[in-house]
Amino acid sequence: MTDESLLQAYVDAYFSTFKSINELISAPMAKYHLSFEQFRILSDIAHDPDISLTAIVAKRGVTKPAVARQLRVLRNLNYVTQTKFAADRRRNTLRLTPLGKQVEAEITKTATDRFDHWVTALGEDKAKQFVDLLNEIGEKLIHPQQTSEDDQ
C-alpha cells in the first residue's frame, strides 16, 4: 500500500522539479531547432564517420521510420548529408556538414557545461546516485512496461 504522504511528495517533486529536467536538458538544442533525439543522432554521426541509418536504429533501439524522420529534419537543416557507401552502393553513409559539425560541437559544449554545473551543485556522489536511480527506474519500471505494451 502506498503511503499517501509519499505519493503527495512524489507528485509535488514531479511538478516542481522532475518535469522541468527534460526542458533543461533540451534547451541547448532548441536554439538550433533540434529535439534531444535529433541531437543524439547528430552526435552519433559526429562520433562515427561511417555510420548508417541501420546502425543508428540498432544503437538507439528505435524503428527505421523513426530515425528516417529525424534524419529528414537534420538534412533539411543542412546538418547532415546522406551518400552512397563506396564499398556497398546499396548502403547510405551519413555525414555531418560543416554547419552540422559546428552545431554538434556547440551543443555538446553547452550541454557539458550545464552538466558540470549540476555535478558541482549536487556533488559527484549525488549526481552518480541520481543517474543510478534513473537507470533503475528505466530497468524496473519503464522497460518492462514498454515490453508488455509491445507484446499486446
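Of the residues making up the range 65-85, those that are under 16 Å from the mean Cα position of the chain (by Cα) and not hydrophobic (A, V, I, L, M, F, W, C) are ARG69, GLN70.
Do the conditions hold for ALA27, that is, is it assigned to a helix (DSSP H, G or I), more than 21 Å from GLU104 (Cβ to Cβ) and of a type outside the set (Lys, Arg)? For ALA27, the condition - assigned to a helix (DSSP H, G or I), more than 21 Å from GLU104 (Cβ to Cβ) and of a type outside the set (Lys, Arg) - is not met.
Among the helices (runs of 4 or more DSSP H) confined to the range 62-152, the ones with at least 1 residues that are at pLDDT 95 or above are located at 64-76, 98-122, 124-137. May I ask you to verify whether LEU42 is within 16 Å of ARG75 (Cα to Cα), of a type in the set (A, V, I, L, M, F, W, C) and part of a helix (DSSP H, G or I)? Against the criterion (within 16 Å of ARG75 (Cα to Cα), of a type in the set (A, V, I, L, M, F, W, C) and part of a helix (DSSP H, G or I)), LEU42 qualifies. Just one residue in the set ASP132, ASP113 is out of contact with any Cys (no Cβ under 7 Å at 6 or more places or on another chain), exposed (fewer than 12 other Cβ atoms within 10 Å of the Cβ) and under 23 Å from GLN38 (Cβ atoms); that residue is ASP113. What is the one condition in (1) at pLDDT below 95; (2) assigned to a helix (DSSP H, G or I); (3) surrounded by 12 or more Cβ atoms within 10 Å (Cβ to Cβ) that LYS19 does not satisfy? Looking at each condition in turn, LYS19 falls short on (3).
The values are calculated or read from the model by the stated rules, or taken from the named source; none is laboratory data. As the structure is a prediction and not an experimental result, all values here were calculated from the model. Backbone-built Cβ (ideal geometry, glycine too); neighbour counts: all protein chains shown.
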